[in-house]
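The values are calculated or read from the model by the stated rules, or taken from the named source; none is laboratory data. Small disclaimer: the values here were computed from a predicted structure and weren't measured. Virtual Cβ from ideal backbone geometry, glycine too; neighbours counted across all protein chains shown. Side chains are part of the model used for accessible areas, which takes the heavy atoms of the whole protein and leaves out ligands, DNA and RNA. Shrake-Rupley method; radii C 1.70, N 1.55, O 1.52, S 1.80 Å.
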Amino acid sequence: MEVLNTKVVIVGSGPAGLLLGQLLYKAGIDHIIIEQRSADYVAARIRAGILEQVSVDLLEKAGVDKQLKEFGLPHTGIEILVDGCKHRIDLSSLTQGKQVTVYGQTEVTKDLMQAREEAELTSFYEANDVKVHDFYEKPYVTFNKDGKLYQVNCDFIAGCDGYHGICRASIPKENIKTFEKVYPFGWLGVLADVPPVSDELIYVQSDRGFALCSMRSTTRSRYYLQVPVTDKVEEWSDEKFWDELKNRLDEESKNNLVTGPSIEKSIAPLRSFVTEPMRFGKLFLAGDAAHIVPPTGAKGLNLAASDIAYLSEALIEFYLSNSEEGINQYSEKCLKRVWKAERFSWWMTHLLHRFESDSDFDLKIKQAELAYVLGSEAGQTTLAENYVGLPYEIKSLKEAS
Ligand code: APR
Ligand code: PHB
């Protein structure tokens, strides 16, 4: 067995783990990342693509915004299509100039991995049987790689290992509470090298179910359809996908839609999930390991980033200023923002999706709510300020308040 020593072990090399690693590196804090998958697998995963301004600022602070600045597309508004009629939400004018940036999570991951490689930081990919130990006292992590057993002793463990990870699963049941809502449908996503149907994202509410027209660049589009969670991706040929998307669009968008072969197609279930608390002695949960949102509000990656803003600041304060304040406040601060994003994502999901259980009364109420939100400046402002991202208290970020 090989024994290693470091300050922080990060379990998981998704955006949360990689961003934490990069921010600790910038502050000169020794750490190791342990990931069960291969580097190629991690870099190729297709996920969401909308960054709040505070997430952009954090990537800038981490020194990984070169590609983002060059290729990210600033968006100052979104469209909501209801009953065949498009309504623009002017995000910027409703939020004193804030905007979001279209930049794929896959690219964020690649940029962070490249920065890590350039700085020659230690990551163990394809680590098997990862286990976290003694995290209320003297934490250490064990794993197997290429038939060899490793033990890494550390001061803290960051559980950034996603919804299916082992960190949350290792916490004694009596110390943790989880809150969950599972939705009876999924999103069928298609990525295609065709120009987007519109310059801005279109969120579509229709009798046939929800749809979303998004993009990765001016030549690559990302589209989604609400489908029954029991559907299999093999049942959806490209042709069937494009036909159904057209069925949910307005005339103008239908005419503008450019179709083409899919380069990725998958179905993701929708779930709301929160873990309380997010700190267990010297183990912190961050990102999808601690919470999941349905993708309707585009909050998943942004919430992971805000957890990491708090966690990196707390650890940096601990090592550089000998203060435990940030560590002690981590869970409470994160959860405040998490629950607001959970509420927004749940609300957007309810408002825009078709639920089989919706009664005629429910449908009328949804129609009235949409009419109110879209027809009133107060309603639009509520949507816009949540969509661009609620402010949070981070001393070192310019946008946050
Ligand atoms: N040991 C080591 N690594 C693990 C283990 C384990 N037992 N279990 C899971 N992992 C790894 C996964 O392989 C993955 O690479 O942890 C990583 C978790 O990454 P993500 O699932 O991407 O989670 P996170 O970094 O929190 O990113 C959140 O991803 O799912 C989206 O919407 C979500 O955008 C949000 C973002
Ligand atoms: C995406 O582009 O993948 C995307 C955009 C907005 C969302 C969800 C997903 O709300």
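Annotations
- Residues being more than 6 Å from ligand 1 (Cβ to nearest atom) and open to solvent by 10 Å² or more (accessible area, probe 1.4 Å) - total across region 4-18: 4
- Total residues in region 8-35, condition out of contact with any strand residue (DSSP E or B) (no Cβ under 6 Å at 6 or more places or on another chain), in contact (Cβ under 8 Å) with a residue 60 or more places away in the chain and on the phi < 0 side of the Ramachandran plot: 11
- Among the candidates Ala314, Ala341, Ala378, the residue that is aliphatic (A, V, I, L, M) and exposed (fewer than 14 other Cβ atoms within 10 Å of the Cβ) is uniquely Ala378.
- Criterion applied to Val132, Val108, Val100 was being within 15 Å of ligand 1 (Cβ to nearest atom), modelled with pLDDT of 95 or more, crowded, with 20+ Cβ neighbours inside 10 Å and over 25 Å from Val293 (Cα atoms), and the one residue passing it is Val132.
- Qualifying residue in region 251-258 (condition: under 30 Å from Leu370 (Cα atoms) and surrounded by 21 or more Cβ atoms within 10 Å (Cβ to Cβ)): yes
- Restricting Gln53, Gln105, Gln96 to residues that are out of contact with any Phe, Trp or Tyr (no Cβ under 8 Å at 6 or more places or on another chain) and free of Cβ contacts under 8 Å to residues at least 24 places away in the same chain narrows the list to Gln96.
- Complete set of residues in region 218-253 that are farther than 15 Å from Arg208 by Cα and assigned to a helix (DSSP H, G or I): Val233, Glu234, Glu235, Asp238, Glu239, Glu251, Glu252, Ser253
- Test: Thr349 is open to solvent by less than 30 Å² (accessible area, probe 1.4 Å), of a type in the set (Val, Ile, Thr) and at pLDDT 95 or above: yes
- Any hit, region 305-320, residues being more than 16 Å from ligand 1 (Cβ to nearest atom) and either closer than 24 Å to Gly97 by Cα or outside any helix (DSSP H, G or I) (or both): no
- So Pro294, is it under 19 Å from Gly186 (Cα atoms), within 16 Å of ligand 1 (Cβ to nearest atom) and open to solvent by 10 Å² or more (accessible area, probe 1.4 Å): no
- Taken over region 36-50, the criterion of being more than 16 Å from ligand 2 (Cβ to nearest atom), of a type in the set (D, E, K, R) and touching a residue at least 40 places away in the same chain (Cβ under 8 Å) is satisfied by Arg37 alone.
- Ser266 being more than 28 Å from Lys131 (Cβ to Cβ) and in a strand (DSSP E or B): yes
- Verdict on Arg271 being under 18 Å from His350 (Cα atoms), open to solvent by 10 Å² or more (accessible area, probe 1.4 Å) and not hydrophobic (A, V, I, L, M, F, W, C): yes
- Meets criteria (of a type in the set (A, V, I, L, M, F, W, C) and farther than 30 Å from Lys366 by Cα) for Leu58: yes
- Pick from region 31-53, criterion open to solvent by 40 Å² or more (accessible area, probe 1.4 Å) and out of contact with any helix residue (DSSP H, G or I) (no Cβ under 8 Å at 6 or more places or on another chain), ranking: farthest from ligand 1 (Cβ to nearest atom): Asp40
- If the condition is being within 13 Å of Thr109 (Cβ to Cβ) and assigned to a helix (DSSP H, G or I), then region 21-54 contributes Gly21, Gln22, Ala39, Asp40, Tyr41, Val42, Ala43, Ala44.
- Tally, over region 66-78, of residues that are of a type in the set (Asp, Glu) and surrounded by 19 or more Cβ atoms within 10 Å (Cβ to Cβ): 0
- Among the criteria (1) in a helix (DSSP H, G or I); (2) within 16 Å of ligand 2 (Cβ to nearest atom), the one Gln329 does not fulfil is (2).
- Number of residues in region 201-240 that are buried (at least 20 other Cβ atoms within 10 Å of the Cβ) and not polar (S, T, N, Q) equals 15.
- Residue match in region 188-202 (condition: at pLDDT below 95 and within 16 Å of ligand 1 (Cβ to nearest atom)): no
- Strands (runs of 3 or more DSSP E) contained in region 144-195 and holding at least 1 residues open to solvent by 30 Å² or more (accessible area, probe 1.4 Å): 148-153, 177-192
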